[in-house]
Amino acid sequence: MLNSNYMIKIINRIIFISAVFLFAGCDKDFVEINTNPYAVISIDPALLFAGAQRTVESGWEVENTIAQQFVNPFNSGATLGPNFNADIDGFNNGRWEGSYPGSLKNMIHALALLKGSSNVNLISMIRIWKAQIFMGLVDTYGDVPYLDAGKAYTDGIFYPKYDDDAAIYTDLEKELKESIAAMNPAGDFVSADLFFGKNAAIPNTTAAAQVAKWKKLGNSLLLRLGMRYTKVNSAKAQALALEAFNGGVMTSNADNVYVKYDGVVFTNQRNYNITTINPRLYYVAEPFVNQLKTSNDPRSGFIMAKFADPNNPFADNSPDLTHANQYGVPVGVISDVLVNPPYRGIRGGGYNYSQINIKSLGSLTAPTYWVTYAQTSLLLAEAAKRGWIPGGDAAAQTYYENGIIADIDTYAQYPNGSVVSAAAKTAFLTNPAIAYNPANALKLINTQYWIANIANGTEAWANLRRVNFLYPALSTNLYNKNLNGGFIRRLSYPDYEASNNSANYFAAVKAIGGTDNLVTRVFWDTP
Amino acid sequence: MRNVFSLPLIYLSRVLFLFTLFTIVSVNLFAQKTVSGTITSEDNKPVSSVSIKEKGTSGGAISDASGKYKIDLKNSKSILVFSLIGYASQEVSVNNLSVMDITLYPDIRSLDNVVVTALGIKKESRKLGYATTTVNTEDLLTNRTTNVMESLEGRVAGLNITPPAAGAGASTQIRLRGQVGFAGSTNSPLIVINGLPLDQEARNAEGGFDLGRDPANTQQRDRGDNLQVVNPDDIESMTILKGSTASALYGSRAAAGAIIITTKSGSKNKGIGVEYTSSYTTQDALNFMDQFQTMYGLGQNGLKPISQADAAGKGQFGWGAKLDGSLVPTFDGTMQPYIAYENRLFDYLQTGSNFTNTVALSGGGANGSYRVSFANTDAKGIEPRDEYKKKIFNLGLNQKITDKLKLNVNINWSNEIQSNAPQIGVQGPGSVNFFTRIAPSISLSSLKNSAVNPIDGTEARTSSFQNTLQNPYYANQAGQNWVNERDRILGTATLRYDFTDWLYLQGRYNYNQSISNIESTIPYGIGTSVPKNADNTYKGFYNITEEKRREINADFLVGGNKEFGKFSVDASVGGNTWRIKNNAFTQGATNFIVKDLYSIGNGNVKSQSYAFSNRRVNSLYGLAEFGYDRFLYINVTGRKDWFSVYNSSNNQVFYPSVSGSFIFSELLKNQKWLTYGKLRASWAGTGSANGVDPYEGILNYDINAFNFNGQTTATIAGVNAPNVALTPFSVDEKEIGLELRMFKSRVNLDISAFKKVTTDQVLPVTVSNTSGYLGTKANLASLQNSGLEAMLEVKAIQTKNISWTSSWNNTYLSTKVLAISPGVKDFLLLFFNSTGVEFLGQIHYTEGLPMNQLYTRTYLRDANGNILVSPAGRLLATPDFKPVGSSIPKFTGGWTNNFTYKNFSLGIFIDYKFGGTVLSSTALNLLRQGMSKASLVGRRDGETGLIFPGINQATGQPNTTKVTDLQGFYTDYRNLQIGDPFIFKSDFIKLRNISLSYNLTNLAKKVSYLKSFKGLSLTASVRNVAILYKDIPGLDPEAIQSSGDIRAGYENTSLPTVRSYNLSLNVKF
């Protein structure tokens, strides 16, 4: 008992420590503890918009393949895809997954953050770009979630319903028109804008200059949207084309919407597979090669090449660019058949056919073009030819030739690209296969639209359906005879939507006619 | 909270203080007569901690370490009551004696039956109203496994151990009474080591594609679990608290039960002892792979390869020509005979081993004891270069500071170095993936000697599945390297003060810190023929990750017990704070400038990240036990937890339990056959806060590490939408049990029935990605685990020289999903074919069905059940995925037989599991790639195609259309996701273990220079002796990849299982 004082001290200390540990408050400081000191929890919405602007939604193997510009003939294992008219989830979902949980999520969130903000230019830019993304979704899948989309966090909508494709188009039209009208040259300058901001490929420093570019972009998209109605409602197509034309569309390559990559940290993801994963599997499609070859197209060398070893194109620093030596892989022919006559057989570790020129168009440093003056001018050519905008054939020819030259000029921006001489351009424009011909104008114009969209497969494919695949170079793909007419008209929805968003998915399938497949048509693609 | 609880505590501390003072003073004031003496046991050893009470007064004393006691009496004619748990109480009249020596005898009705329960509280088994099992630690030593839990497979009713086939340092799956939550939640029991609670943390291989996505390679390699730090030689006792009543005092950590481990800390008055144990194990891969076809070689369409390029393009297919021994081109350009090599995987694998040495030093004096041990393990897996080394240092210390104040310290430090743990359950890397899916006619020597493309050092292309079939020889030769070093320290200090013999206060501080460092190098040429990037740098990855985790558990407990005539009360209150801080640095580099140099500095593109989290749970709890006449007991407990990770409006939960035991044999003392009989019943409400991480409720943003052409860009961080409304989930468990010991404990039976309902789980919910997010978390779904556990032990022979004990345990488990959420009856957890790693099937939770339900499409059938085929003779699938079985076995159990003859003891152990389902990716791949015997159907001798037995869908007549494209036909199984041929029962009966021990102590003592030996024994054992029954062909049903639940029923490129041979030597001196 000699140490009773000492013991009491110890006891008291144990109790005191326990009490302090615990009863200073059973949930005291919990809010502070549960706040991550390192996380970014508020953000400038313009940075989210910038992040969304460089999201690429699709690769070579889907839309470009349907448009018969590109082929992966390897059919063994799991790589059956559009070249074999196969409805393969992994191929169908690229655009969906790049858009909804990618660019759209960030843009829709940014718009929610901007609610009540006076940054009318930033808001309008996001609305325009969002409309562009949704247009791609509608063109690809038809009815898609629109009004409910991207709102899990902001509005608690986890299972968006699908909206009617025509209704979405109507709303996109409204979005474009409202945004174009709302933009204010004296308003906010969006420095972060990757297209026309301070660090853009085409830099600007004032709101006025930036707004001017965006208005042209908005109207060019309105023109694109309007032209989609060609088959389904030509009066509407005419009205929108004229409205866009009057509003002021792109007028030179200085209006182009594109981003550049440094090739190290940021690369053109679209070109990742064809350069990095088994290049031997990827080739240019025969219809496309034949078009460039027969017309002696000056773009050919930037687009395609024959490499000594198709499996290691990097090793070949002087690939064969001669027009005459280019051969495309016929569509719908499997790789095992390609190795035997009448096909061209093996070359190195791959097949004896032309590939995308991975030193230029196919490079990891190739820029990504979304909306170009070339596209716009070619659409104007068609509108003029159809008499929807003033000028008739004369104007159509000018728009046509401007479009071709503008597209040729974009290749100066590609790695190993160069400015094509004026003489060569003139020679090309006077080539009988290319020269404007009123009797054959729509075919000529849209064939050039096809070429101008080699790096933009979604647009190439949408336009083919809009004008009913009217050019001579294309061939029907009858690989498994399960597509009516041999062309894919639509991609099917991701399989997982059937389980992740069941009720809305099945309602949508019902709404598009009962079958979620590759031959159901989107609303503007009437037979 | 602060106001409500802090004041009472301050008062309580003052009351305790005064009370203590009063007690100490009163003893001195009222002493009138003193009795002293020594208490010994039957074998004349001093017995400490015996409670001595003067009947009818409050006076009492406790015997010290040497069995001595001294008590001051009020009345010199009093009766003294001597009592200690495990011994029969004695009442002795003082009769004016001043010295009384007492011998205590064991209480035969509660032999060995002091159980360590939750919070480390020791209780007599009779008082418990729930089931516990105390593990026979001897079994851990005679059935050694690298991970201590693996040796308990099949041995304890209610405990289901499932070791994956995942390499030398792998984790095990531990499930008590089923699976408390859906796959993905923490379903393994709480592990409590010397009072320190920690999660098992099975770092299992849950599948992840190699290149780029997971540069640290953590998802494709099993990185062990926290039980790896426990050395079986250090274990003093291990108690399995099966149900949640047993673990209820752990509140939100109690849902899955608990395993309480106490390590040795020496014994008092023992002097210095040294113990040395050496154990050597070798392991051979078990080859059940009798499924490879040896008739056809590399190629497609029945053709031989015609060129090197052709061979390299079709290496993934066994659809070539008939093997004829002729010379054909191979991928490396040589001409080689067209023959089959069926044993390549097993020729590639090596013999595994484990060499463990433990040395322990222990000692004890009058006031304390200690034990310190050091163990070194050096193990090699069957996969070449798979190495696992661990060192465990363990210290246990008991010290009496004063008569009433005791200090107990335990420190466990471990260091594990795991190198090149096998890559399993993935496409791409992994030897099993490669050797089961590469054409049978490629020789192992070619794959080994021509793995590297001599031109540019990339992996020589062996197939068109270049990135998904990676030659492991290339990885080995090109310097792929992966090392995970982990250091962990577990420290516990407990200070206990006994105010009187019936009131104590205990404070405890636990510290658990771990540091894990992973370094991973993936050489540039793996899975590609293109060595460089577009910027002319080399491909490849280098990644270094360091994770530090620090947990503190501090608790206190005030406890007291009192008897009032036939009534007894034992009550305690306590509190705990649990604080966890994690941080992790990751640095990665790619685009290497100098060839073959993998470092951060050499990488042109670098990435780094820092993760941090901080979390806290505070708790208050209390327990009370009421007894009547030593045969009726009621226990109640309650605990309230406060969580930092939840929103303040829903951050607290109360967890109650009540249990009762009735020792009816006390009322049937005339029934001589009945030694002991007890009925028990309990109910508990526990739960789990797992599934929610710190900061999850707050949306945040990632600012891109690199400016895009000079412009900062940002995105929303993560793919899940935060949900602030989450609450912890709850578990409600009812249990009844019967325990019988008959015929002088020769026949013992223990039966429990339980029903456990889990509600409001925190589950990751996959939402439509059109919402912008891939998922969120929500409280939903309820499920039920119910079952019957039985243990029957018969001590058939017990003579001086010979004994035979036979014991059988069996668990019947029934699981059921009760509900998902209103309007939703099914929850898809994972579509395996969309992972890029697996090939077939889905895992679902469906209302009314057992848990972990595997789904596939199946053959399309007509109304009569006949299989339908298309007019072209091809397969047709049901449009929907259908449930094909649960991965969870319904029956698990084991039968142990221990024989002893003089100094020999022999253990034979058989265990079994029945009623589970397994889906085999390997069987599918072998079939579609033309590798398996099953793929021969249609091309056997005389066959020119396959007329699949079925009904033509168009005509309704038997199919007569012959399919000649066999590859296309069999590939349809994958494309259409038809699972029928790949669904198997995971049932097995295994002769798990045979061990033979020989105690040489007496023999040794006859040798003069070995006289100092206190013990010497040798044990030899064989593990996985034979599979007596199984359903799945070609594989061991236990050859599964992961110890998690997501892929529990999924067989996909795990390693073969092993048979191990062990020899151990134990010396004490």
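What follows draws every value from the coordinates through simple rules; no lab data is involved. Remember, predicted model here, so these are calculated numbers, not experimental data. Cβ sites come from the backbone with ideal geometry, for glycine too, and all protein chains shown count toward neighbours.
Some observations on this one:
- Over all distinct Cα-Cα pairs of the range B:784-936, the Kirkwood formula returns a hydrodynamic radius of 19.7 Å.
- Pair B:D324, A:Y272: separation of 7 Å Cα→Cβ label points (nm): 4.6 nm
- Each 5 Å bin, from zero up to the one with the longest distance, holds this percent of the alpha carbon pairs of the range B:415-492: 3, 14, 22, 22, 14, 9, 5, 5, 3, 2, 1, 1.
- When each of the peptides B:519-527, A:421-429 is scored by how many other beta carbons lie within 10 Å of its residues on average, the order from highest to lowest is B:519-527, A:421-429.
- Shielding by partners for peptide B:640-647, expressed as the average number of C-beta atoms from other protein chains within 10 Å of each residue's C-beta, is 3.
- Tilt relative to chain B, helix B:2-30 - C-alpha long axis, 0 to 90 degrees, to 10: 40 degrees
- Residue-averaged beta-carbon neighbours from other chains (10 angstrom radius) around B:696-707: 5
- Chain A, helix-only ellipticity at 222 nm - DSSP H runs n ≥ 4, -39,500 (n - 2.57), divided by all residues, nearest 500: -13000 deg cm²/dmol
- Packing-based exposure ordering (other Cβ within 10 Å, fewest first) of A:R465, B:R992: A:R465, B:R992
- Among A:K443, B:K390, the order by Cβ neighbours within 10 angstrom, fewest to most, reads A:K443, B:K390.
- In terms of overall dimensions, the protein assembly as shown has a Cα radius of gyration and Dmax of 38.0, 135 angstrom.
- Across the range B:673-685, computed HN-Hα scalar couplings (Karplus, 6.51 cos²θ - 1.76 cosθ + 1.60, θ = phi - 60°) run 5, 9, 7, 7, x, 9, 10, 9, 8, 7, 9, 8, x Hz from first to last residue, x flagging Gly and Pro.
- Burial order of peptide ranges A:319-331, A:451-463 (average beta-carbon count within 10 Å, highest first): A:451-463, A:319-331
- Relative counts (whole %) of C-alpha pair distances in chain B, using bins that are 20 Å wide: 11, 39, 34, 13, 3, 0
- Rh by Kirkwood over Cα pairs, then Stokes-Einstein D for the range B:567-625 at 0.890 mPa s and 25 °C, µm²/s: 152 µm²/s
- Degrees between helix A:165-182 axis and first principal axis of chain A (Cα, 0 to 90, nearest 10): 80 degrees
- Cα pair distances exceeding 28 angstrom across chain A, given as percent: 58 percent
- Shown for the range B:115-188 is the translational diffusion coefficient from the Stokes-Einstein equation, using the Kirkwood radius over Cα pairs, a temperature of 37 °C and a viscosity of 0.692 mPa s: 230 µm²/s.
- Ascending count of other beta-carbon atoms within 10 Å, so fewest first, for B:M791, A:M304, B:M100: B:M100, B:M791, A:M304
- Take each residue in B:528-539, count the other chain C-beta atoms within 10 Å of its C-beta, and the mean is 5.
- Hull volume in cubic angstrom per residue (convex hull over the Cα atoms of the range A:267-414): 128 Å³
- Pairwise alpha-carbon distances in the range A:214-353 exceed 24 Å for 54% of all pairs.
- Only helices enter the 222 nm calculation for chain B: every DSSP H run of n ≥ 4 contributes -39,500 (n - 2.57), and dividing by all residues gives -2500 deg cm²/dmol, rounded to 500.
- Crossing angle, helix A:234-247 versus chain A [Cα axis fit, 0-90 degrees, rounded to tens]: 70 degrees
- Here the dipole of the protein assembly as shown is about 3820 debye; that uses its Cα centre as origin and unit charges on the Cβ of Lys and Arg (positive) and Asp and Glu (negative).
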